[in-house]
Each structure stands twice: as structure tokens, then as C-alpha cells.
């Protein structure tokens, strides 16, 4: 039975709506450059607005993907990549301006490189890899984002003395805590996926010998 124009139209709309989380992810990636530029020129309120929009879009596309099962392989890679890119730009700009220690972006980027390289090796050896952030990784990301936001809020100027008071305890304790958390969560990834790889390889060896 041929589909009516009305049904065909509804199917086309449904197919388009399924890609809404991906569209939000792409829009979030597009916000990275203006967010970084606004931070660089010290337009702090405007930068916070852009970062807030990115945060809301991250929440919305995640909820849509989970609630309506609009998950895609593109979204599984692009969504965390968009978050990482925004955080990377923010932390590098703040480090160049001297608002965060230079070692902090090195530790954060180093952790991510270890995870990415480990994932590539896992995929090359075993052929499959599920993107599965651990609770420790999520906690590390949340702590990093919180510290960066507090630092940015503290840069709003003398007309916002409360913001400066809130940001003061972050240096150096917040930075050190983020650094430790990044190292620990990175090591946890290595141990976790190393153990999974050993289990998988042993299972394959048993299948071959059976």
C-alpha cells in the first residue's frame, strides 16, 4: 500500500526531528569560538551567557537522545567532543591570561590524550569500543567545569565583590583538586579498560582452543 502525502510528510518530519540532538551538538561546537574570544577580550558577562547557552543545549540534547532513543553514532562521539572542546578553549584562554596555573591545562589535556590513545589501541586490538564514561570521569568533569566557572565569575570586576570572594578559595586548592582528580580518573580508565581487554582476550583464546 502506497503512503499518502500526509503520512510521507509526517515521516519526513519525524526523521528530521530525530536529528535535533545532533543539530544542538553542532550548534554547541559553533559556540566555542565566540566563547573563547569573549573570554580573551575579557567580556566576562557575555562569555558567561554563551557558556550558559552551551550548557543548556548539552542538557537538552542529552535528554532528547535518552528519552526518545534518538541516539546516533555521530552523537556518541560529537557530544562529548563538543564539551571537551569548549572546556579546552576556556582553560587554555584562562591559562594564557594567568588566571589558572599553566600546569592545569597540561594535566587536563594529558588525561584526555591518554584516554583517546587507550580507546584507539583497544579498538585496534579488539575491534570494538563502547563510549562509556565512568562515574569518576563524570565527577572529574563536573569539578573542572565548576572550578572554571567560579574563576570566570571571579573576573567580573570590582563591581561584583561577592564574585571575587567566591572565587578566592579556588586558588590554589581548587586547581590542585582538579589536577589530582584528573590524574586519578585517567589512571582509573587505564586500569578499567586494561582489565576488560584482558578478559576479552582470554575469552577469545578459549573460543579458539575449544
**Asked** residue 37 to residue 96: FRET efficiency via 1/(1 + (r/R0)^6), r the Cβ-Cβ distance, R0 22 Å, to the nearest 0.05?
**Response** 0.95
**Label point at residue 142 placed 7 Å out along Cα→Cβ; residues across the stretch 167-197 whose backbone nitrogen lies under 20 Å** = 170, 174-189
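If R0 is 25 Å, what FRET efficiency do you get for residue 26 and residue 68 from their C-beta distance, rounded to 0.05? Let's see the in-between values first.
Details: r = 18 Å, r/R0 = 0.73.
Once the sixth-power term is evaluated, E becomes 0.85.
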**Three-way shape call for the stretch 98-210 based on the alpha-carbon gyration tensor, with the a/c threshold at 1.5** = prolate
**Item:** Gain in span if fully extended, residue 112 to residue 177, counting 0.36 nm per residue against the direct Cα distance
**Value:** 21.7 nm
**Complete:** Each label sits 7 Å from Cα toward the beta-carbon; between residue 184 and residue 125 the label points are separated, in nm, by 2.6 nm
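Only the coordinates and a few stated rules stand behind these numbers; no lab work does. Model, not experiment: these values are computed from the prediction. Note that each Cβ is placed from the backbone with ideal geometry, even for glycine, and that neighbours are counted across all protein chains shown.
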